[in-house]
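The values are calculated or read from the model by the stated rules, or taken from the named source; none is laboratory data. Since this is a predicted model, take the numbers as computed values, not measurements. Glycine also receives a Cβ, built like all others from the backbone with ideal geometry; neighbour counts cover every protein chain displayed.
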């Protein structure tokens, strides 16, 4: 399915699961849909399963949005407390479109609880209280962290499908089933342009890694002392990341410049933004430091994941000047991470959108595109972790591999069968919506805008 086809389906108000390989344009499609809605005075609720993912899309975590927070279950008291919260109730009542990004990292239990909260506050029995639900993600990527205590305390829960709480993925939840999601499986590729490398990634997704694919990867193996300078390194564990970044910064003899994050607005939301932000609260830089941009800024020609080296600091502002891998010299000024509601900023943090980038974890790399990366996949411990790391780079020549274990080329076996089902359902959706006359599709789009209380705008065919 193309991005345009998916966008036409989203505009009808149908509940949608938007998926596809890394680089297929999921975030781009959602951004286009959000812009479409805002042009018609409809403000969608933009959320994600993790704080890091939320900063990528300029939203908040679904846990905060729904008022569920860190709860792993909802009893009647919990539900009454959330529903009686004026702020949460007002937020849910006005929501017509709810977007949840990185749904692969959302547990079955969490999706069910969000559905329960929405139905309780809206006082409607429809899935999610009649809100259009848009789930975005790729189940071949990192899975949710599963807590056993959810099952142990299931007798206290209000969820209907307590017998299914042991399911790992969101698509196993009763809320997913009831929502009757239209599957939009994007098939275009906008990140990788290397056919050999694409064949490797596709083989991993299909659980069909052959010797030729292993050989392709092995051509990129290097020794520790052969690591190229000034290229981001990906590790599976935080301890390795911190060790390398600290050690590399100390090596530089230039003076230190410290940038401290500023926050204003609702304290709890500010704290959530701080924790989810890829830029640290205290950013310590030196001339020569390898950095990575943590936010998109098309005007200044950098995006989340752009790599560079600090070359100087501006005389008056003190802002860092970086030279990117493509040779562009950029003055990086402070940027805001905000949570908006009804066009008003509820909370925001301000920081230089950079982080030290000699090394980062694979988890924090999810959602990024990189020109090049050194990876140590010898201690990969989760299904999808190796796949996420490998798919960060655009081509095989940008991959430098320190080590790899057998688990790195494996994806979750349960996801394999489900992915085939998603592809088939996406093909069916294309047939159904492609058969609709333009006038009928346009009428569906307009009807949804009206139902959301928005204003219809004339569009070119």
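Would you say residue 120 is within 24 Å of residue 295 (Cβ to Cβ), surrounded by fewer than 23 Cβ atoms within 10 Å (Cβ to Cβ) and either within 22 Å of the chain's Cα centre (by Cα) or touching a residue at least 40 places away in the same chain (Cβ under 8 Å) (or both)? Considered against the rule, which asks whether it is within 24 Å of residue 295 (Cβ to Cβ), surrounded by fewer than 23 Cβ atoms within 10 Å (Cβ to Cβ) and either within 22 Å of the chain's Cα centre (by Cα) or touching a residue at least 40 places away in the same chain (Cβ under 8 Å) (or both), residue 120 comes out as no.
In the set (1) in contact with a strand residue (DSSP E or B) (Cβ under 8 Å, 6 or more places away or on another chain); (2) crowded, with 23+ Cβ neighbours inside 10 Å; (3) in a helix (DSSP H, G or I), the condition left unmet by residue 17 is number (3).
Taken over segment 370-399, residues that are within 23 Å of residue 225 (Cα to Cα), surrounded by 20 or more Cβ atoms within 10 Å (Cβ to Cβ) and either out of contact with any helix residue (DSSP H, G or I) (no Cβ under 6 Å at 6 or more places or on another chain) or without any contact (Cβ under 8 Å) to a residue 40 or more places away in the chain (or both) amount to 7. Of all residues in segment 215-226, those that are surrounded by 14 or more Cβ atoms within 10 Å (Cβ to Cβ) and either modelled with pLDDT under 85 or out of contact with any strand residue (DSSP E or B) (no Cβ under 6 Å at 6 or more places or on another chain) (or both) total 2. Being out of contact with any helix residue (DSSP H, G or I) (no Cβ under 9 Å at 6 or more places or on another chain) and surrounded by fewer than 20 Cβ atoms within 10 Å (Cβ to Cβ) is not true of residue 264.
Of the residues making up segment 227-243, at least one is part of a helix (DSSP H, G or I), at pLDDT 85 or above and in contact with a strand residue (DSSP E or B) (Cβ under 6 Å, 6 or more places away or on another chain). Looking only at residues of segment 269-305 that are in contact with a helix residue (DSSP H, G or I) (Cβ under 8 Å, 6 or more places away or on another chain) and modelled with pLDDT of 90 or more, we find that the one that is farthest from residue 330 (Cα to Cα) is 281.
When segment 300-318 is filtered for residues that are assigned to a loop (DSSP other than H, G, I, E, B) and surrounded by fewer than 18 Cβ atoms within 10 Å (Cβ to Cβ), the ones remaining, listed by number, are 301, 303, 314, 315, 316, 317, 318.
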